[in-house]
Each structure stands twice: as structure tokens, then as C-alpha cells.
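K.L.:
To start, I am sharing the structure in question, which I have written as C-alpha cells.
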Amino acid sequence: MKRDQIPMIQIDDVIVSMDCLTEKFCCDLEACKGECCIEGDAGAPVDLEEVANLEEVLPVVWNDLSASAQSVIDRQGVVYTDRDGDLVTSIVNGKDCVFTCYDSCSGCCYCAIEKAFREGRTTIHKPSSCHLYPIRVKRIGDLTALNYHRWDVCKAAVWKGEQLDLPVYRFLKEPLIRRFGETWYNELESAVEELKEQGYL
């Protein structure tokens, strides 16, 4: 069997596309300046549990947010329902996520929630959809599908990943464990090694 005949693998009820195993990726904030937080026509997808987390962390990050973002949150809350019917984080001027904050020195934009987490001011992570990017998660019946998403703003991340020979699934080890657990991730790594031994990767 050739590689193109193995479009995905399955670990428990999670289907992983082969692109997640073969494509290379590593965020390069100096190159992209955090453009993923401010590009696109909708906010980051969230589930109901994450909405509660966003509301809980809001007082912690409030002073890190722009006046425009604060105004949007005051008017419509931390999330809204987009045109596809999905719950997503609120955005400013049809663009920036309301949880975006800027570094005046570097010009980079960051997630205020992730910044607060790394500074020890909260135990709440940024939304899983952000943490897992460039993997997109989709429900298919009783299964969860993980697919690699290509986006022009991440060209520098692809180049850096290729230089480091860092596959997407390894770059995203922490968020994958956060979402699916360490046992699941270890099984994924074992499956990858088996595919390598069999010559499929």
C-alpha cells in the first residue's frame, strides 16, 4: 500500500489526517507578528464550556485589551454566533479577536489569555481551536476529525517547520495532550512509528 492510499489513521474515536503527520510547522512570531489573531472574517470557534472560561478570565485580562475590544465586549459579550451558526469569539471591526493585545516594542500581537496564563495570572488556556492551530477539529457523527489547515499568513511557520523537520503533530504536542490526553498522544506517536517502519511515512 502506498502513502496516498492511507488518507488518515484512527486513535480511539479521533481520526487524524496524514497531513497532520507529514506536514512541517513551527510558529514564527517574529515573521508573522501574530497575524492569525487579526486576520479572517470571524472569531475563534469555542464551545459552551470555553465561553464560561472566557467570561471567568475576562477580569484578569481586561486591562490588556484595547478600548475598542472592551466596547465590543460590553455591547455583545465575549462571543457571538457567526453566519455558519458557530459560536466564536467576538471581533473588533470585523477583524481582530477581542482578546488580542499588542506589544508596542515588537509590533507583535498576542492572545491576552495566553499571556496571562504564561505569566501565572490565570489557569485558563486560550480556546482550544487557537491552541491547536494549524489543526482544525470537526465532528463527524460520533467521531472527531483532525485536519491540517493551510493559510497564507503561516508561510513563515511552514518554512521554519521544514528547517527544524518538525511535523505538525509534534509541534502541537502540548495542545493535543490538553485536548485528548497523554495516553492518546502516546498511541498517536506509536502509530506514526509503526507507519514509518512499514514504509508508509
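The values are calculated or read from the model by the stated rules, or taken from the named source; none is laboratory data. On a predicted model such as this, the values are computed, not experimentally measured, just so you know. All Cβ positions, glycine included, derive from the backbone under ideal geometry; neighbour counts span all protein chains shown.
K.L.:
From Arg178, Arg139, Arg121, Arg150, grab the single residue that is free of Cβ contacts under 8 Å to residues at least 60 places away in the same chain, of a type in the set (D, E, K, R), under 28 Å from Val61 (Cβ atoms) and surrounded by fewer than 16 Cβ atoms within 10 Å (Cβ to Cβ).
P.N.:
Arg178
K.L.:
I would also like to ask the following. Please tell me if Lys115 is touching a residue at least 40 places away in the same chain (Cβ under 8 Å), touching a Phe, Trp or Tyr at 6+ places or on another chain (Cβ under 9 Å) and surrounded by 16 or more Cβ atoms within 10 Å (Cβ to Cβ).
P.N.:
In short, no.
K.L.:
Turning to a different aspect of this structure: Within region 85-136, take every residue that is modelled with pLDDT under 85 and among the charged types (D, E, K, R) and give me the one that is nearest to Glu49 (Cα to Cα).
P.N.:
Ranking the qualifying residues of region 85-136, first place goes to Lys95.
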